[in-house]
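Asker: I am attaching a structure below and will ask some questions about it afterwards.
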Amino acid sequence: MAEEFVLDKSTILRRLGGDEELFATMADMYLQDWSHYGTQIAVALAAADAALLRRHAHTIKSLLATFVDDHGAALASVAEQQARDGNLSALPDLVPKVQERLRLVAAALGPGKG
């Protein structure tokens, strides 16, 4: 079972200097792109492209950290490190967990949220 994600908007806003407009813009961008990132990391894994997988995991790590998903960012960080080390054998179990974190953050940011 996936660890629950609760959007911590106050922390995000504090990091953004209280800029609600910037938060809204970032949330909109995330909602437009999150599924693309989830697909791309899976495609990189299927192609056994460690360099591409590392880049996508790094991007996802940053995205999840932006929205204070420490658990998701940690998962993406492990995926990034495994890809950097060329250890793709651990990733078939990890990539779906990273994709689920992307989905959970999107659900929290979705219409009427935050």
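The values are calculated or read from the model by the stated rules, or taken from the named source; none is laboratory data. Computed from a prediction, not measured in an experiment: that's the story for all the values here. Here the Cβ positions follow ideal geometry from the backbone for every residue, glycine too, while neighbour counts run over all protein chains shown.
Condition check ((1) modelled with pLDDT of 95 or more; (2) more than 13 Å from the chain's Cα centre (by Cα); (3) at negative phi) across all residues:
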{"site": "Ile41", "(1), (2), (3)": "yes, no, yes"}
{"site": "Ala57", "(1), (2), (3)": "yes, no, yes"}
{"site": "Ile60", "(1), (2), (3)": "yes, no, yes"}
{"site": "Leu64", "(1), (2), (3)": "yes, no, yes"}
{"site": "Val95", "(1), (2), (3)": "yes, no, yes"}
{"site": "Arg101", "(1), (2), (3)": "yes, no, yes"}
{"site": "Pro111", "(1), (2), (3)": "no, yes, yes"}
{"site": "Gly114", "(1), (2), (3)": "no, yes, no"}
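Asker: If I ask for residues that are in contact with a helix residue (DSSP H, G or I) (Cβ under 9 Å, 6 or more places away or on another chain) and under 22 Å from Val98 (Cβ atoms), which ones from the stretch 1-14 would you list?
Answerer: Answer for the stretch 1-14, where residues must be in contact with a helix residue (DSSP H, G or I) (Cβ under 9 Å, 6 or more places away or on another chain) and under 22 Å from Val98 (Cβ atoms): Ala2, Glu3, Glu4, Phe5, Val6, Leu7, Ile12.
Asker: Being in a helix (DSSP H, G or I), among the acidic types (Asp, Glu) and free of Cβ contacts under 8 Å to residues at least 24 places away in the same chain is the filter; apply it to the stretch 55-114 and report the residue that is nearest to Leu45 (Cα to Cα).
Answerer: Here the residue is Asp93.
Asker: Considering the stretch 88-107 alone, what residues qualify as being of a type in the set (A, V, I, L, M) and either surrounded by 15 or more Cβ atoms within 10 Å (Cβ to Cβ) or under 15 Å from Trp34 (Cβ atoms) (or both)?
Answerer: Leu88, Leu91, Leu94, Val95, Val98, Leu102, Leu104, Val105, Ala106, Ala107, listed by residue number.
Asker: What about Asp8, is it without any contact (Cβ under 8 Å) to a residue 12 or more places away in the chain and more than 13 Å from the chain's Cα centre (by Cα)?
Answerer: Taking the combined requirement at face value, the residue does not satisfy it.
Asker: Kindly indicate which of Ala27, Ala50, Ala73, Ala42 is small (Gly, Ala, Ser), touching a Lys or Arg at 6+ places or on another chain (Cβ under 6 Å) and surrounded by 16 or more Cβ atoms within 10 Å (Cβ to Cβ).
Answerer: The match here is Ala73.
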